[in-house]
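Only the coordinates and a few stated rules stand behind these numbers; no lab work does. These numbers come from a predicted model, not from an experiment. Heads up, the Cβs are rebuilt from the backbone with ideal geometry, glycines too, and the neighbour counts pull from every protein chain shown.
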Amino acid sequence: MTGQIPMRVLTGPLPCELAGCGVGEKRAKVLPDTGGVVAQVLLMFLFSSADNNIELQQLLNRIVQQRLKMYPGSARIDLSSSFRDMDSTTAESILNEFCGLRYNRSAALSSRVTGGMDTSWSSEWPWQASLQRNNIHRCGATLISNTWLVSAAHCFRNAKNPQKWTVSFGTYLRPPLMVYLVKTIIVHEKYRYPANEYDIAVVKLANRVEFSRAVHRVCLPDSDEIIPYNIDAVVTGWGALNNYGETPNILQEATVKLIDTNVCNRREVYDGVITPGMLCAGYLEGGVDSCQGDSGGPLVTPDSRSMWYLIGIVSWGDECAKPNKPGVYTRVTYFRNWITRKTGL
Ligand code: 4AZ
């Protein structure tokens, strides 16, 4: 891929069915207007500098017009000033406010130089945080807003003093990209060690994180979202590379499959201890799993638009990667309303 990446922003009024007003995370801004609403939708296009901008603009206009005709109704469609160039800094700051975007996977907005090295600010998983006590990594956590993270309750067992904790971001533990102080720790009121239920906590930072390409929030699913089993999800963390093994300095990722709770509750697996607030993920044959030190960190899946949602929090398991002993995660949809009650998000 060569060339610059011009940005186009579509700001014409669109019908709600197309803009997705009020559905889940906002991909469109819906503003009141005389006699209705105006939906502002951000569309980003990637093309090479060899392409003819004017021709492309006309082509895009034609496609959008055609698609809008498929939505009958009273929407007034005005695309006369719809596409405009935007500098990539402005475009990037708009994109960074969206949840769940990972953009270094495509060439879009990437400034990586061919033959260059990965740097600590090219965060692959921008919502991943390291929770550290006395400057030692203890647990993972996930950024869900400019000030809030979610993690596991068991990370704070006998360690609830926020002044002892810091949060770092970036791909490497050492040196960290950024470090924040913790203001508040809220552990689920029903969490009781050594039980594994209600293994969730939210952490408020002392200062706001200004979102960047390297550090921004994940999306949260709605509480009524049905999470299908057998789909792939990705777990990330600086946890042990094998049971009670060494911890890496560079963030690790593993793709795991979501396992039906009925299967996970089989006698030879977890024999009925998996409750509705838990989610199993991994492989019954073993081999790939989260491990000690990954706790509190994210289990995420992309939606059809490649926006990543937090569906699980690394919680527990019988050691790591053993056959019939997949990882067990706190089920985020089950605790979605609890997160709202504690954080307002
Ligand atoms: C732990 O002790 C832990 N294999 C985390 C995840 C798993 C097991 C143990 C899942 O933090």
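7 Å from Cα along Cα→Cβ at both Lys257 and Thr184: what's the point-to-point distance in nm?
4.2
With label points built 7 Å along Cα→Cβ from the Cα atoms of Arg341 and Arg267, find their separation and express it in nm.
The answer from the label model is 3.8 nm.
Over region 221-269, what lengths in whole Å, largest first, do the semi-axes of the equivalent ellipsoid take, defined as the square roots of 5 times the eigenvalues of the alpha-carbon gyration tensor?
Over the Cα atoms of region 221-269, the ellipsoid semi-axes are 26, 17, 9 Å.
Past 27 Å, Cα to Cα: identify those pairs from Lys160/Lys322; Lys160/Lys257; Lys160/Lys342, in the order given.
Correct reply: Lys160/Lys322; Lys160/Lys257.
Give the relative contact order (percent, whole number) for region 189-303; include only Cα pairs under 8 Å separated by 6+ residues.
Computed over region 189-303, the figure is 28 percent.
Could you grab the Rg to Rh ratio for region 194-345? Cα atoms only, Kirkwood for Rh.
On the Cα set of region 194-345, Rg over Rh gives 0.96.
What FRET efficiency do you get for Lys322 and Lys160 if R0 is 35 Å and r is their Cβ-Cβ distance, rounded to the nearest 0.05?
0.65
Of the peptides 224-231, 264-271, how do they stack up when ordered by the mean number of other Cβ atoms within 10 Å, highest first?
Descending packing order for the listed peptides: 264-271, 224-231.
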